[in-house]
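Data block below; observations after.
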Amino acid sequence: MLTATVAEVRDQSLARGGPEALLELRGICKSFGSVRALQDVDFAARSGEVHAIVGENGAGKSTLVTIAAGALRADAGSVLVKGATIDHVSASAMRSVGISIAYQHPALPPDLTVTECVGLVAPRFAVRAASGEISALMARVATPMLRVWPDQRIADLTLAQRHVVEVARALATDPDVIVLDEPTEPLQEDDVNKLFKLIEELKAVGKAVVYISHRLNDVKKIADRISILRDGELVATRGAAEFASSEIVDLIVGRPLAQQFPPKGPVDRTKANPTFVVRQVSGEAFDHVSLDILPGEIVGLVGVEGQGQREFIRALAGAQNCRGGEIRVLGRPLRRSSIAAARAARIGFVPDDRHREGLFLPLSVRENLTVGQLPMLAPRGIIGSKRERVVVSRAVETFKVKTSSIEAPVATLSGGNQQKVLLGREIAAAPRALLVDEPTRGVDVGSRSEIYQRLRDLSETGVPILVCSSDGVELEGLCDRVLVFSRGRTIRELVDLEVTDANITEANLKTTVSRTAESAAESRRSRIYRVLSSVYSPIVALVFLIALVAAGATAASPQFLSPLSIGPALTLLSILILVSFAQLAVILIGEFDLSVGPLTGLAVVLASFAVPVGASIERIVAGSLGILVVCTTIGFIQGLAIFGLRLPSMVVTLATFFGLQGFGFLLRPLPAGLIEERLLDVLAFPVVSIVPAVFIVAVIAGLGLEWILFRRLTGRQARALGSDLSAATKLGVSRFRVGLIAFTLGGLLTGLAGLILAAEVGEGMAGLGIDYTLMSVTAVVLGGASISGGHGSFIATLFGAILVQIVITATPFLQFGSEWNYWLTGATTLLAAGLFGVTRPSRESR
């Protein structure tokens with residue numbers, strides 16, 4: 001409970017003069033194990049001012065503001081909003097009192113659309129009618145080059161576009177205090193200017209802006225006050241005008257810092273032969289690009305975002321397809337475009353998004369550093385631990401990686417140290433060429449200097465280096481030559497003394513052309529892409545396969561589609577649909593339920609006791625409700641064990657799998673106990689022609705669950721959890737509450753399926769429903785759901801269940817043995833997956 005209500009916090013004014021302190025952090029302490037992140041830090045954000053926080057990676061900046069946003073709890077200290085102490089800090093509580101944060105790594109579940117992500121924190125934006133408001137909100141943040149459509153999936157956006165959405169999401173709740181953590185890292189100059197204009201507008205209406213950045217020029221330009229953190233302690237807080245840039249750097253590093261960029265060595269372009277050659281290569285967003293890099297030379301790529309330079313460097317690394325032309329490394333041709341081929345040619349690559357493409361976050365620093373050298377470290381398939389530790393220690397020492405241990409997960413390191421690990425891994429693998437996309441994104445000034453020195457050291461050994469960067473100052477200080485991109489082509493080359501930030505900026509401005517026609521074409525392509533990549537696209541392939549199997553079975557036996565066959569088949573189909581819905585409910589949140597099959601069978605056994613032959617209508621109703629309560633309770637208990645005790649769902653549901661099987665055989669060691677036939681009469685009663693009631697119920701359940709999944713907050717929260725647990729947690733989604741709902745719903749649906757199966761079988765038989773576990777997973781997969789969570793559809797799963805059931809039903813009519821049930825189901829699953837691959841565009845092609 002909050003010490004003050006939301007209304008009281010928003011209405012309270014401080015009696016003292018001067019700008020109002022909208023947010024205060026007092027005596028904040030935080031440690032992660034033996035690592036002290038913050039020690040007794042005081043901080044205040046005041047109305048109408050930009051308060052910048054600067055410091056090295058690992059200084060505690062992001063930890064401090066994450067505590068302020070409620071996504072992380074401090075070990076000691078207090079958080080105050082307008083003078084009122086917040087006793088129970090959480091993301092939703094802080095958002096409700098006017099505190100919002102745009103994270104350095106956007107907290108945007110990738111399987112959700114822009115509208116859905118914004119709607120998670122601001123429900124008024126969650127309806128379709130709000131798309132115009134969302135577009136207007138995006139326009140406040142984004143330049144036309146970074147335009148985002150409300151129905152675009154986050155996974156399909158560039159890093160710069162995701163940052164735009166992240167800032168817009170933070171603004172959606174109309175906060176009094178907005179925290180911007182490294183907001184300009186992936187942005188070009190025009191985009192930065194747009195953001196700064198927005199910040200001035202927020203200041204003018206009395207908002208407080210907390211601004212975190214490693215770009216000191218930006219900080220000096222926008223900040224009213226600056227606080228400097230070093231090693232978790234606040235070392236200075238003063239007005240921005242009171243700091244000289246050199247003093248800020250010295251306070252950040254804790255020592256006078258030498259020249260940031262190492263001196264460039266001489267490059268004799270008349271005698272040296274290029275060691276990295278690209279001739280007339282084309283690909284997505286670039287066309288007929290040629291490039292030579294000489295030994296000892298660092299070449300830069302630059303251009304307004306979207307001009308093809310980023311796609312070009314990724315294609316050279318094999319991360320995107322390229323066509324035509326020729327690529328040679330030390331005279332050896334690269335014969336095909338793929339990551340494997342590039343790695344085999346010893347082309348090192350550092351991507352711009354280290355979290356998504358560069359590092360294995362759960363693995364240790366040691367494992368991340370050596371993953372690129374496994375053939376050398378394990379020539380006979382066994383890694384020599386002594387040799388491995390020597391390699392790791394050398395890399396940690398060379399790059400000055402700050403870590404508590406080489407066994408620490410790399411996810412626990414600061415952004416700058418993560419970048420050092422990534423770059424160290426590529427350099428330690430002795431590359432013949434090194435490609436680096438944004439070498440210092442999110443890296444502090446001290447670490448930048450070390451990274452620049454390592455790149456220059458490597459180039460002086462003769463390794464050609466290609467760097468893509470949006471920072472003109474970085475390109476000026478680091479590169480010997482710079483190629484300027486426009487509309488997918490290199491249109492200008494800056495050499496030696498021409499390589500200056502001013503010349504780079506001028507080249508970008510003068511070569512940027514209108515892309516109105518291209519934008520229109522892109523809009524059309526985007527609409528087609530969104531249709532093909534939607535959760536409903538698998539239905540097309542499924543309908544085709546369903547028709548194919550039905551036609552084959554009907555040709556073999558006209559009785560396949562007779563009323564006598566269709567009615568019972570639809571009843572059996574209803575069972576599989578409901579069990580598949582139960583499985584999908586937990587898969588969507590990133591979990592798994594192995595127990596649905598045995599729980600279905602247990603319902604049959606319980607029905608033989610609760611609804612025996614001769615039971616009255618009252619007993620049939622009471623017994624059926626009792627079975628549903630038991631199954632729902634089992635689902636609820638599983639949810640408590642998984643989310644309350646934090647046990648893996650695979651372990652819990654596997655234990656339940658065996659437990660329910662054993663309990664079923666304990667109750668019915670042999671088939672016995674006839675079930676009242678009137679239960680089947682009610683459930684299978686033909687409501688429309690030959691269509692049984694249970695099938696209508698299953699379809700209505702699917703439509704209702706689909707509506708909840710995509711139109712209600714709980715459904716979006718479930719997809720957010722499965723899509724990105726960390727991002728969903730930062731947005732205030734309760735994994736415990738949503739997970740409990742998912743498993744409880746799964747128990748209810750499975751219980752209903754078990755009742756239908758009991759009525760159809762008519763006798764208590766233990767172990768009867770065990771096959772439904774794998775059948776339900778097959779239906780979910782056929783429906784296009786992601787097994788890792790976040791992406792799926794109940795309607796598409798319904799069609800997946802239809803395909804599985806029609807294959808099983810068709811087998812006897814085709815006069816195949818029972819083993820063909822499994823073979824045909826497996827074959828159709830593979831065929832459907834192949835059709836999905838053809839009809840659904842890859843993100844790379846996007």
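The values are calculated or read from the model by the stated rules, or taken from the named source; none is laboratory data. Being a predicted model, the structure only gives us computed values, none of them experimental. For neighbour counting, all protein chains shown are included, and Cβ atoms are generated from backbone atoms with ideal geometry for every residue, glycine included. These area figures cover heavy atoms from the full protein model, side chains too; ligands, DNA and RNA do not enter into them. Shrake-Rupley method; radii C 1.70, N 1.55, O 1.52, S 1.80 Å.
State all residues of the stretch 199-226 that are within 23 Å of Gly415 (Cα to Cα), open to solvent by 60 Å² or more (accessible area, probe 1.4 Å) and in contact (Cβ under 8 Å) with a residue 40 or more places away in the chain; if no residue qualifies, say none.
Residue satisfying the conditions is Asn217 alone.
Does Ala684 satisfy the criteria of being small (Gly, Ala, Ser) and within 36 Å of the chain's Cα centre (by Cα)?
No: the conditions fail for Ala684.
Which ones in the stretch 541-557 are β-branched (Val, Ile, Thr) and either modelled with pLDDT under 85 or surrounded by 15 or more Cβ atoms within 10 Å (Cβ to Cβ) (or both)?
Selection gives Ile546, Val549, Thr554.
Condition (residue is in contact with an Asp or Glu (Cβ under 6 Å, 6 or more places away or on another chain) and farther than 30 Å from Gly331 by Cβ) applied to the stretch 404-423: is it met by at least one residue?
Checking the stretch 404-423: at least one residue is in contact with an Asp or Glu (Cβ under 6 Å, 6 or more places away or on another chain) and farther than 30 Å from Gly331 by Cβ.
Look at the stretch 396-424 and say how many of its residues are under 19 Å from Phe349 (Cα atoms), within 22 Å of the chain's Cα centre (by Cα) and aliphatic (A, V, I, L, M).
Selection size over the stretch 396-424: 3.
Collect the residues in the stretch 518-536 that are of a type outside the set (Asp, Glu) and either at pLDDT 85 or above or open to solvent by 30 Å² or more (accessible area, probe 1.4 Å) (or both), keeping them in residue-number order.
Residues satisfying the conditions are Ser519, Ala520, Arg524, Arg525, Arg527, Ile528, Arg530, Val531, Leu532, Ser534, Tyr536.
Of the residues Ser90, Ser135, which is of a type outside the set (Val, Ile, Thr), open to solvent by 20 Å² or more (accessible area, probe 1.4 Å) and closer than 21 Å to Ala21 by Cα?
Ser90
Step by step: first the residues of the stretch 115-124, then only those that are out of contact with any Leu (no Cβ under 8 Å at 6 or more places or on another chain) and touching a residue at least 24 places away in the same chain (Cβ under 8 Å), then the one that is surrounded by the most Cβ atoms within 10 Å (Cβ to Cβ). Which residue is that?
Only one residue fits best here, namely Glu116.
For the stretch 630-653, name all the residues that are out of contact with any helix residue (DSSP H, G or I) (no Cβ under 8 Å at 6 or more places or on another chain) and surrounded by fewer than 15 Cβ atoms within 10 Å (Cβ to Cβ).
Leu645, Arg646, Met650, Val651
From Ala766, Ala796, Ala758, Ala779, which residue is touching a strand residue (DSSP E or B) at 6+ places or on another chain (Cβ under 7 Å) and at pLDDT 90 or above?
Just a single option satisfies the conditions, and that option is Ala758.
Restricting attention to the stretch 343-363, report how many residues are surrounded by fewer than 19 Cβ atoms within 10 Å (Cβ to Cβ), under 21 Å from the mean Cα position of the chain (by Cα) and of a type outside the set (Phe, Trp, Tyr).
Count: 7.
Report the residue count in the stretch 589-615 for those that are of a type in the set (S, T, N, Q) and out of contact with any strand residue (DSSP E or B) (no Cβ under 8 Å at 6 or more places or on another chain).
Matching residues across the stretch 589-615 total 2.
Would you mind listing the strands (runs of 3 or more DSSP E) fully within the stretch 251-334 where at least 1 residues are out of contact with any Lys or Arg (no Cβ under 6 Å at 6 or more places or on another chain) and open to solvent by 30 Å² or more (accessible area, probe 1.4 Å)?
Output list reads 276-283, 286-293, 326-329.
Conditions (1) over 18 Å from the mean Cα position of the chain (by Cα); (2) modelled with pLDDT of 95 or more, marked per residue:
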position: Val148; (1), (2): no, no
position: Leu157; (1), (2): no, no
position: Ala160; (1), (2): no, no
position: Lys194; (1), (2): yes, no
position: Val209; (1), (2): yes, yes
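Would you tally the residues in the stretch 86-105 being part of a loop (DSSP other than H, G, I, E, B) and out of contact with any Lys or Arg (no Cβ under 8 Å at 6 or more places or on another chain)?
6
Would you mention how many residues in the stretch 603-622 are assigned to a helix (DSSP H, G or I) and open to solvent by 10 Å² or more (accessible area, probe 1.4 Å)?
Total satisfying the criteria: 9.
When the residues of the stretch 400-440 are filtered to those that are at negative phi and acidic (Asp, Glu), which remaining residue is most open to solvent (accessible area, probe 1.4 Å)?
Glu407
Which one is farthest from Arg36 (Cα to Cα), of the residues in the stretch 227-239 that are surrounded by 18 or more Cβ atoms within 10 Å (Cβ to Cβ) and out of contact with any Gly (no Cβ under 8 Å at 6 or more places or on another chain)?
By that ranking, first place goes to Ser227.
Residue check: is Thr828 open to solvent by less than 50 Å² (accessible area, probe 1.4 Å) and at pLDDT 95 or above?
No.
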